[in-house]
Amino acid sequence: MTQIQVLSDKPTLIAHTLNLIVDKIHTTLQQQEKFTLALAGGGTPKPLYEALAQQSLPLEKIHIFWGDERYVSAAHPDSNQRMAREAWLDQVDFPSSNIHPMPTGSNDPSVDAQTHDQELRDFFGVEAGEFPTFDIILLGMGDDGHTASLFPKTEALTVSDRLITVGNKDGQPRLTFTYPLLNHARCIIFLVAGENKRPALAQIFSPDGDETLYPAKAVQPQGELIWLLDEAAGAELNG
């Protein structure tokens, strides 16, 4: 089930996304013991994380992951983990054992990808060949149509037998969720803002769009797929 919602501006987009996530957390935790949320990097979700820091949430039941990570230390300015910690996780009393960052310290991205793959399997209790189900995976989209660290025409797009693989951005390695892991999610929320996203969105929602050129198009989860756009990004899709 795919939903596309165009909100008037970025603050309205963030407020709507906040309400949606908080509602899903509370509703889901009425039926299960823990809630799994994978975060996105980039500038668009930062105010969302700052808003989540102001909410009263059952943090002991929420487990945080990342859909991708630049291959830098956790202290590096480009780290997705660092951004989320500064905006949200370190601003509240989040149990450290509930935060599951991607490892980037072995000097070998493929080794760290394999390590995190096994960490996810251990956490969710899934065997080789199986894929866990996240409650929410939050994704952004670049103006080139990439999502997570699945970039156009890169090898990571073809990986189907692992949870985590190595993405490539202009020769710089990154760790990323694979398509099969993304597509096993209970809910994926794309958060997209800015007029510069319109050309890629047009291709993604076109029946003729090429998934290898616009990787976000291949994200088709078994559960809900919710595209939340501000007016600048989604004006041509509205209606």
Query raised in the report: Helix-derived [θ] at 222 nm for the chain: sum -39500 (n - 2.57) over DSSP H runs of at least 4, divide by residue count, nearest 500?
Result: -8000 deg cm²/dmol
Query raised in the report: Order of 141-152, 100-111 by packing, highest average Cβ count within 10 Å first?
Result: 141-152, 100-111
Query raised in the report: Counting pairs of alpha carbon atoms under 8 Å apart in space and at least six apart in sequence, what relative contact order in percent does segment 1-148 give?
Result: 26 percent
Report task. For Leu139, list long-range residues whose amide hydrogen, built 1.01 Å from N in the peptide plane, is under 5 Å from its own amide hydrogen. Result -> Ile189, Phe190, Leu191
Query raised in the report: Quick one: which of Lys153/Lys217; Lys46/Lys153; Lys197/Lys217; Lys10/Lys197 span more than 23 angstrom between C-alpha atoms?
Result: Lys46/Lys153
Query raised in the report: Carbon-plus-sulfur fraction of the accessible area of segment 69-161, 1.4 Å probe, in percent?
Result: 44 percent
Requested in this report: Hey, can you find the accessible area per residue of segment 100-239 for me, probe 1.4 Å, expressed in square angstrom?
Outcome: 42 Å²
Query raised in the report: Using θ = phi - 60° and the Karplus curve 6.51 cos²θ - 1.76 cosθ + 1.60, what whole-Hz ³J(HN,Hα) does each residue of segment 143-155 get, with Gly and Pro shown as x?
Result: 5, 8, x, 6, 9, 6, 10, 9, 9, x, 6, 10, 4
**Report entry** Measure of compaction for the chain (Cα Rg per 2.2 N^0.38 Å)
**Finding:** 0.95
Requested in this report: Please give every one of the aspartates and glutamates within straight-line cross-link reach of Lys34, meaning a C-alpha to C-alpha distance under 14 Å, and leave out same-chain neighbours fewer than 8 residues apart.
Outcome: Glu60, Asp135
Query raised in the report: About its Cα centre, how strong a charge dipole does segment 135-190 have in debye, to the nearest 20, once Lys and Arg get +1 and Asp and Glu get -1 at the Cβ?
Result: 100 debye
Query raised in the report: In percent, how large is the relative contact order of segment 64-153, given Cα pairs closer than 8 Å and 6 or more residues apart?
Result: 25 percent
Query raised in the report: Which whole-number percent gives the relative contact order of segment 134-182, counting Cα pairs below 8 Å spaced six or more residues apart?
Result: 30 percent
Report summary line: The answer for the chain, counting only DSSP H helices whose Cα atoms cover 18 angstrom or more along the axis and whose Kyte-Doolittle average is -1.0 or greater, is 10-29
Report summary line: Sorted by chain and then number, the residues having a modelled amide H within less than 5 Å of the amide H of Glu224, at least 5 places away or on another chain, are Cys187, Ile188
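The values are calculated or read from the model by the stated rules, or taken from the named source; none is laboratory data. Note that the structure is predicted; figures quoted are calculated from it, not measured. Methodologically, a virtual Cβ is constructed for each residue, glycine included, from the backbone with ideal geometry; neighbour enumeration extends over all protein chains shown. Surface accessibility is based on the protein's heavy atoms, side chains included, excluding ligands, DNA and RNA. Shrake-Rupley method; radii C 1.70, N 1.55, O 1.52, S 1.80 Å.
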